[in-house]
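Values in this text are rule-based calculations from the coordinates and carry no lab data. Since this is a predicted model, take the numbers as computed values, not measurements. All Cβ positions, glycine included, derive from the backbone under ideal geometry; neighbour counts span all protein chains shown.
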Amino acid sequence: MPLTRRHAIAGVAGASAIGCAPLFTDAFALTPLLQPTPADSEGPFYPPEWRGDVDGDLLTVNGKRYSAGVSMLLMGRILSSEGTPLTDARVEIWQVDATGEYRHPRDGGDAPLKRGFQGFGRVTSDDKGGYRFRTIKPVNYGGRPAHVHFRVEAKGYKSLTTQMYFAGENTERSGFGGFSKARDRLTIKPEAMRDPADGAQLAAKFEIVLAKA
Ligand SMILES: [Fe+2]
């Protein structure tokens, strides 16, 4: 089903309209602005090197398909506050595998990769601002709710490091960043894929709004 503009705006995670002064009659001034996506902590496991297979398909390593965990298409758009799609933005994600390990020297090292999970990936947003990854729904670990780490960079905009969480799982007893209201705006609800595209069981949509530099 094609998205209408109304759906698209409503679908922006954490988007909210900034109230306009009621006396403004200029229609342009009434165009709602999108609030930039809140930052969240980077955590200790940002990938130390981006070499080899670092594409958007975290489920395929050396032509082999990772079959553990719940497969998930993770997609959305990179937008400005005005709702303009940002093309050529660099979108990076990193996350744990189905056993709860990061592919990072201070965590699982090469173990996730040896089990067939790429661990992190990087894509460039397309001409509609769209990005797309194929991955798994991360499991929770160490008292933290399941989350995917994001880092997004686009020319002329502030770089954003944040995390995406899952509805119903976004509470935590302790940990990086702790609980905050911003967390609600980073929380999405994945949908089961009735007709699994690309063999993924879930579809997750996370739209990201960047602030001007
Ligand atoms: Fe993490």
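Quick look at the values:
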| quantity | calculated |
| --- | --- |
| Fewest-first sequence of W50, W94 by Cβ atoms within 10 Å of each Cβ | W50, W94 |
| Pairwise FRET efficiency - Q201 versus E49, Cβ, R0 = 45 Å, nearest 0.05 | 0.90 |
| Backbone N within the stretch 104-139 under 17 Å of label point (7 Å from K64 Cα along the Cβ vector) | 109-120 |
| Distance (nanometres) between label positions extended 7 Å along Cα→Cβ at R194 and T99 | 3.8 |
| Candidate lysines - alpha carbon under 18 Å from K114, same-chain residues fewer than 8 apart omitted | K64 |
| Sorted by Cβ density within 10 Å, fewest first, the residues I136, I208 | I136, I208 |
